[in-house]
1. Output the residues belonging to region 60-85 that are among the aliphatic types (A, V, I, L, M), assigned to a helix (DSSP H, G or I) and more than 26 Å from PHE37 (Cβ to Cβ).
2. Please indicate, with yes or no, whether at least one residue in region 26-45 is charged (D, E, K, R) and surrounded by fewer than 10 Cβ atoms within 10 Å (Cβ to Cβ).
3. Under the condition of being assigned to a helix (DSSP H, G or I) and touching a helix residue (DSSP H, G or I) at 6+ places or on another chain (Cβ under 9 Å), which residue from region 43-59 is farthest from LEU18 (Cα to Cα)?
4. Name the residue that is farthest from ASN23 (Cα to Cα), counting only residues in region 78-95 that are loosely packed, with under 13 Cβ neighbours inside 10 Å and not small (Gly, Ala, Ser).
5. Looking only at region 65-76, decide whether some residue is loosely packed, with under 10 Cβ neighbours inside 10 Å, farther than 26 Å from LYS27 by Cα and acidic (Asp, Glu).
6. Answer yes or no as to whether GLU20 is out of contact with any Lys or Arg (no Cβ under 9 Å at 6 or more places or on another chain) and in a helix (DSSP H, G or I).
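Readers should treat all values here as calculations from the given coordinates under stated rules, not as data from a laboratory. These numbers come from a predicted model, not from an experiment. Note that each Cβ is placed from the backbone with ideal geometry, even for glycine, and that neighbours are counted across all protein chains shown.
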Amino acid sequence: MRPQTGGVSTIHEGEVSLMELQNEELKAHLMATDQQFRTLAEEHARFHKQLEQIEAKEHLTLEDEAEEIRLKKHKLHLKDQMNSILARYRTPQVA
């Protein structure tokens, strides 16, 4: 017997919510049209790859650990800047 949701639709594994879909469409639009957003996203992806390389190491040196922390902080800062741009496009413009 399936649990009742009180008329609220639920998202099943593998399904994407309308909000997530709209968010991905907005990101794709900004990647194509907004140079600042694209630059931030590219830098974010570059740091992500660098982090993956560090995390793939069997043993981390103190320098690796320091670099990992630095990259994570910088990556988070980039993500905050990207989210700020996304928020500007999501917020209705009132004249």
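1. LEU62, ALA66, listed by residue number.
2. No, region 26-45 contains no residue that is charged (D, E, K, R) and surrounded by fewer than 10 Cβ atoms within 10 Å (Cβ to Cβ).
3. ILE54
4. Residue satisfying both the conditions and the ranking: VAL94.
5. Checked against the condition, which is being loosely packed, with under 10 Cβ neighbours inside 10 Å, farther than 26 Å from LYS27 by Cα and acidic (Asp, Glu), region 65-76 yields no hits at all.
6. yes
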